[in-house]
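Colleague: Below is the structure I would like to discuss, written out as structure tokens.
The values are calculated or read from the model by the stated rules, or taken from the named source; none is laboratory data. Since we're looking at a predicted model, the values are computed, not measured. Methodologically, a virtual Cβ is constructed for each residue, glycine included, from the backbone with ideal geometry; neighbour enumeration extends over all protein chains shown.
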Amino acid sequence: MIRLLTPAFLALCIGACASSPAAEQDSSPASAMDSVAADIPVEGLPPQTLAAGECGLFLWGMAAPRRFTFFTEASSGEALMLHEGAPMTLVVTDSNGEVFGQFFTQIQYLSADGKWSVNLTLNPGEVLEGGQRVESGRLVTTGADGWETVLPVTGVRACIPG
């Protein structure tokens, strides 16, 4: 009985989507969906790509909603971090700890404007083909006023074969 109902239910849902009133409404340049989409905040950093032979570190916040919050390419002395809802450039000031692929497990950054610093600590996880998981980590942001914000993160370091 359930096997028969599931395909029928899916067909009904697909049909409802195809003939929804939103699809049949006027063709005005600004629809209600456009205005709603404009009010939705960007959920994390924009997508990042690596060229052949490059390695990158991709980190997401662990709290819901999980946002793509940090990216750095191994041969670069810079990183991109989601800060107060916008992508901000960071510059490496120090790195230490254990070697984690082409990265270190402890890296310090300073914002490009010099107003805040970031201390990134990583705990390596399972080795993957072409990379390794970040089991856990912490992004500690310190503002010019001394306030710290701690963001638990997880992610992966990945390399594109050259």
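Colleague: Is there any pair with a first residue in segment 106-128 that is over 19 Å from A74 (Cβ atoms) and of a type outside the set (G, A, S) and a second that is modelled with pLDDT under 95 and not in a strand (DSSP E or B) whose Cβ atoms are under 8 Å apart and which are 6 or more apart or on different chains, and what are they?
Modeller: Qualifying pairs under 8 Å: K115/A144; W116/A144.
Quick grid of which residues meet (1) touching a strand residue (DSSP E or B) at 6+ places or on another chain (Cβ under 6 Å); (2) surrounded by 13 or more Cβ atoms within 10 Å (Cβ to Cβ); (3) touching a residue at least 24 places away in the same chain (Cβ under 8 Å):
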site	(1), (2), (3)
A52	no, no, yes
L57	yes, yes, yes
G61	yes, yes, yes
F71	yes, yes, yes
H83	no, yes, yes
P87	yes, yes, yes
N96	yes, no, no
G101	yes, yes, yes
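Colleague: Those residues that are touching a Gly at 6+ places or on another chain (Cβ under 9 Å), under 23 Å from E54 (Cβ atoms) and not basic (K, R), I need them from segment 104-134; list them, please.
Modeller: Scanning segment 104-134 gives F104, T105, Q106, I107, L120, L122, P124, G131, Q132, V134.
Colleague: I need the full set of residues from segment 104-162 which are among the basic types (K, R) and in a strand (DSSP E or B), in order please.
Modeller: Scanning segment 104-162 gives R133, R138, R157.
Colleague: Here's a follow-up. Of (1) touching a strand residue (DSSP E or B) at 6+ places or on another chain (Cβ under 7 Å); (2) part of a strand (DSSP E or B); (3) farther than 15 Å from S117 by Cα, Q48 satisfies all except one. Which?
Modeller: All conditions pass for Q48, except number (2).
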